[in-house]
Amino acid sequence: MAGEKCRPLVALMGAPNSGKSTLFNRITGRSERVTNWPGTTVAVTVAETRLDSTRVCIADLPGTYSISGSGFEEKFARDFILQENPDLIIVLADLTTLPRSLYLPLEVLEIYPRVMIVLTKSDVLRGKNVRLDIEALERKIGIPIVAISALRGEGLDDLWKKIQRSLKTKISPRIKIEYGVLEPYIAQITELLEKHGVDRYTARGLAIKLLEGLEVAKDIVQTLVGREGLKEVLAKVEEAKKELTRKGVDPLTEIVNTRYRVAEELANVLLKPRENPREKTTEVVKVSKIDLAFTHPVAGPLLSIAILFVVFLTIFAINIGFPLTFIAELAGLEELVELFESYSIVGILEGVFDTLAEAARNAIPNPILASLVADGIIGGVGTVITFLPLIAMVFLFIGLLEDSGLLPRIAVSVDRLFRVFGVSGKALFPTLTGFGCNVPAAMATRILDSKEERLSTLFAISVIPCQARLVVIMAIALTLSASPIGQSLVVLYSY
């Protein structure tokens with residue numbers, strides 16, 4: 001399929017764990033193959049299928065929570081939409097994570113009208129006090145919507161019918177998000193783009209993306225209006241941003257918060273009570289308030305750091321007993337300190353390898369050979385193995401944060417701060433982990449999106465005073481100097 005254009009083209013988008021891969025396999029009959037999409041070096045899962053007698057190409061885009069981020073998934077999904085111009089974009093919204101899962105469809109709709117929303121995991125609503133009012137949501141947004149359970153195969157016939165209808169007819173979205181204080185500036189930028197021949201729908205979407213600070217929007221504007229037109233538009237955008245800054249308004253925060261508020265309103269339109277009308281509505285609002293807390297310019301970073309601090313302490317408490325040992329020592333409970341140290345993962349492993357080393361010394365009569373085996377081989381292997389649980393725990397907690405949806409929220413909340421240093425908010429987790437141990441911190445950089453970002457964070461981690469290295473440096477400092485000033489100089493020089 002590489003090297004040729006397949007039409008009509010349907011793009012499948014959705015957040016990780018939204019059921020996108022299951023749906024893709026259902027509608028393509030598992031006939032997919034991985035290929036490089038024409039004009040890119042990115043591997044995309046694509047498949048051909050038939051709607052009546054028409055060949056349709058389905059492209060499974062990487063899972064993403066948004067199209068405005070700087071990560072690979074966001075960038076590729078965004079570029080694919082804007083460059084390939086698919087005939088239809090199917091955006092998945094997970095019913096178990098409403099209203100958060102409606103954020104992506106709203107964002108896509110602002111730059112592209114030919115969108116269909118597929119509500120996944122509809123089977124989870126069985127036995128609950130809510131029902132789906134899909135017709136009400138369709139009337140509100142003005143695009144086709146269908147609820148399915150890809151796992152059980154429910155709703156797929158309706159999905160096929162709506163895909164066929166959407167490919168043959170024009171989709172005209174009715175929804176228009178009002179951004180409050182930003183609206184006059186969006187209108188000015190939109191009007192300027194329209195003067196340069198850009199249609200109103202595209203102009204408004206680009207105006208919003210320019211205020212968000214999305215770099216690719218500048219390239220699109222230049223393609224549409226030329227270099228001189230771009231200069232004029234960017235001057236208007238900068239003027240708007242300066243005025244908003246004087247008013248104490250951050251455009252990105254305002255846009256994100258407004259989208260979440262609209263997503264909450266749409267979720268309340270979709271979910272109707274059966275028996276207990278208050279129960280589900282309260283749950284929807286509660287989830288939305290969590291999202292708003294993470295996107296708050298002050299509360300968001302504080303909440304994120306608090307969560308990561310608890311995760312950080314939990315990892316080290318399980319592995320080495322700290323900070324439980326420190327608290328017990330302050331309380332004068334020496335027996336408890338010994339208990340925590342002995343029954344931590346590292347304490348148990350050290351006990352096992354100490355026993356093996358002692359057995360080797362008793363079994364080997366030659367003292368030199370016994371020392372080689374006990375202290376060199378067993379001791380060396382034991383030291384390496386004691387790091388493995390720590391690394392495993394870091395990956396486990398990263399996975400839990402990622403699957404729970406907290407990791408992207410945390411990354412968003414501290415993104416503005418970390419952008420000052422040339423990295424995204426995702427760099428916070430490996431940076432904090434580095435204060436405990438640089439090894440799992442370096443391995444945790446796998447969650448970062450680009451090679452440049454990973455390298456920058458790795459270099460930063462190398463100068464973070466981790467506990468293991470600090471012990472060695474302090475031992476060297478005590479050996480080389482008896483003076484506190486001299487010891488401080490040795491420590492500083494070592495870093």
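The values are calculated or read from the model by the stated rules, or taken from the named source; none is laboratory data. Small disclaimer: the values here were computed from a predicted structure and weren't measured. Cβ coordinates were reconstructed from backbone atoms using ideal geometry, including for glycine residues, and neighbour counts include every protein chain displayed.
Numbers for the structure displayed
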item: Every residue from segment 343-362 that is surrounded by 18 or more Cβ atoms within 10 Å (Cβ to Cβ) and among the aromatic types (Phe, Trp, Tyr); result: Phe353
item: Qualifying residue in segment 57-71 (condition: more than 20 Å from the chain's Cα centre (by Cα), without any contact (Cβ under 8 Å) to a residue 24 or more places away in the chain and in the same structural domain as Arg26 (by TED's automatic domain parsing)); result: no
item: Residue count, segment 375-407 (criterion: under 16 Å from the mean Cα position of the chain (by Cα) and in a loop (DSSP other than H, G, I, E, B)); result: 1
item: Every pair of residues 6+ apart whose Cβ atoms lie under 9 Å, when the first sits in segment 223-247 and is over 15 Å from Lys209 (Cβ atoms) and free of Cβ contacts under 8 Å to residues at least 12 places away in the same chain while the second is of a type in the set (Ser, Thr, Tyr) and in a helix (DSSP H, G or I); result: Glu239/Tyr185
item: Pick from segment 225-240, criterion surrounded by fewer than 18 Cβ atoms within 10 Å (Cβ to Cβ) and aliphatic (A, V, I, L, M), ranking: farthest from Lys75 (Cα to Cα); result: Ala235
item: Check on Val287, touching an Asp or Glu at 6+ places or on another chain (Cβ under 9 Å) and at pLDDT 80 or above; result: no
item: Leading residue by the ranking (farthest from Leu432 (Cα to Cα)) among those in segment 462-484 that are at pLDDT 75 or above and of a type in the set (Val, Ile, Thr); result: Ile476
item: Residue within segment 181-191 that is within 23 Å of Ile67 (Cα to Cα), surrounded by 18 or more Cβ atoms within 10 Å (Cβ to Cβ), in contact with a Lys or Arg (Cβ under 6 Å, 6 or more places away or on another chain) and at pLDDT 90 or above present; result: yes
item: Some residue of segment 123-132 being surrounded by fewer than 22 Cβ atoms within 10 Å (Cβ to Cβ) and within 25 Å of Asp52 (Cα to Cα); result: no
item: Criterion (modelled with pLDDT of 85 or more, under 26 Å from the mean Cα position of the chain (by Cα) and assigned by TED's automatic domain parsing to the domain that holds Gly14) met by exactly one of Leu151, Leu95; result: Leu95
item: Residue tally, condition of a type outside the set (Gly, Ala, Ser) and surrounded by fewer than 15 Cβ atoms within 10 Å (Cβ to Cβ), over segment 373-394; result: 7
item: Index of the failed condition, Val198 passing every other in (1) more than 25 Å from Leu9 (Cβ to Cβ); (2) touching a helix residue (DSSP H, G or I) at 6+ places or on another chain (Cβ under 9 Å); result: (1)
item: In segment 358-374, residue farthest from the chain's Cα centre (by Cα) [restricted to those that are β-branched (Val, Ile, Thr) and in a helix (DSSP H, G or I)]; result: Ile368
item: Residue check, Gly347 over 30 Å from Asp250 (Cα atoms), assigned to a helix (DSSP H, G or I) and touching an Asp or Glu at 6+ places or on another chain (Cβ under 6 Å); result: yes
item: Some residue of segment 327-342 being touching a residue at least 60 places away in the same chain (Cβ under 8 Å), polar (S, T, N, Q), surrounded by fewer than 16 Cβ atoms within 10 Å (Cβ to Cβ) and more than 30 Å from Thr245 (Cβ to Cβ); result: no
item: Output for segment 246-255, where each listed residue is under 29 Å from the mean Cα position of the chain (by Cα) and either at pLDDT 90 or above or in a loop (DSSP other than H, G, I, E, B) (or both); result: Gly248, Val249, Asp250, Pro251, Glu254, Ile255
item: Residue in segment 423-443 that is modelled with pLDDT of 75 or more, outside any helix (DSSP H, G or I) and closer than 30 Å to Thr64 by Cβ present; result: yes
